[in-house]
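The values are calculated or read from the model by the stated rules, or taken from the named source; none is laboratory data. Please read all numbers here as calculations on a predicted model, not as lab measurements. Virtual Cβ from ideal backbone geometry, glycine too; neighbours counted across all protein chains shown. The protein model used for the area step is the full one, side chains on, heavy atoms only, and it has no ligands, DNA or RNA in it. Shrake-Rupley method; radii C 1.70, N 1.55, O 1.52, S 1.80 Å.
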Amino acid sequence: MPIPDQGLLVELLALATEAAGGRHHLAAVQLPISLVMMMSIVQALDGRGPLPAAAGAGLRVMASAPLHGGELTGMVDQELADLIRPGLTPAQACVLAVASCPGVMNVLLAASGTSHWREAADAVAQPSLTAAKLREITGVLASA
C-alpha cells in the first residue's frame, strides 16, 4: 500500500468538505507506519508529509501496521531492538519507534493474546524516542 503524501491528504480533506456541504467532520486519519514503511517517519522528522499535514488540519493521527502485519518480528533482530531501546524485544522496539514518530497520537495493532497486549502496552509506556534517535534508526535501516 503506498504511503499517502501531503497532497493526497489535502485532496481527502477537500472531498470531505465538499461532501459535508461546507465543513468536514473528520476527526482522525489512519496511516500505515512501520520501520518497513518508514517514509512517513522520515518525512515527519523534516516537518513534511502526511503526518504534519494531518496534525495541522486538526486530525488525530493513528498509526496502523506498526509490525507490518507481523512480519517485522521476524525481520528485526535483538541488535536493532537494542539500538532502538536496550532491553526491549524486537516487537516492542518496533512499536516504540512508531509511537515516537512526530504527529502520531495512537498506535493501532492486533495481538494474539494477553501477553502480546501487555508487551505492546509496555512499549508505548516507554519515554518516546528523540528525533535524533529516530533519524539514527532510519539512517541505519536505509543503509542496510
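For the Cα trace of segment 33-144, dividing Rg by the Kirkwood Rh returns an Rg/Rh value of 0.94. Per-peptide packing, taken as the mean over residues of other Cβ atoms within 10 Å, places 36-44, 68-76, 97-105, 20-28 in the sequence 97-105, 36-44, 68-76, 20-28 from highest down. Among the protein heavy atoms of segment 1-91, carbon and sulfur supply 58% of the accessible surface, probe 1.4 Å, non-protein parts ignored.
The convex hull defined by the C-alpha atoms of segment 13-77 has an orientation-averaged projected area of 5.1 nm². Inter-part distance, segment 100-141 to segment 16-34, computed on C-alpha centroids, equals 25 Å. Computed on the chain, with alpha-carbon pairs under 8 angstrom and 6+ residues apart, the relative contact order is 23 percent. About the centre of its Cα atoms, segment 37-144 shows a dipole size close to 360 debye [charges on the beta carbon of Lys, Arg (+1) and Asp, Glu (-1) only; nearest 20 debye]. Toward the positive end of the charge dipole of the chain, with +1 on the Cβ of Lys and Arg and -1 on the Cβ of Asp and Glu, the farthest Cα among 58, 37, 92 is that of 58. Over segment 65-131, Cα pairs under 8 Å with separation of 6+ residues give a relative contact order of 33 percent. Converting phi to 3J(HN,Hα) with the Karplus coefficients 6.51, -1.76 and 1.60 and the offset θ = phi - 60°, segment 81-93 yields 4, 5, 5, 5, 6, x, x, 8, 6, x, 5, 4, 4 Hz in sequence order, with x at every glycine or proline. Each principal axis of the Cα cloud of segment 75-123 was taken in turn, and the coordinate range along them, longest first, works out to 28, 24, 18 Å. Think of a 1.4 Å ball rolled over the protein heavy atoms: the chain then has 52 Å² of accessible area per residue.
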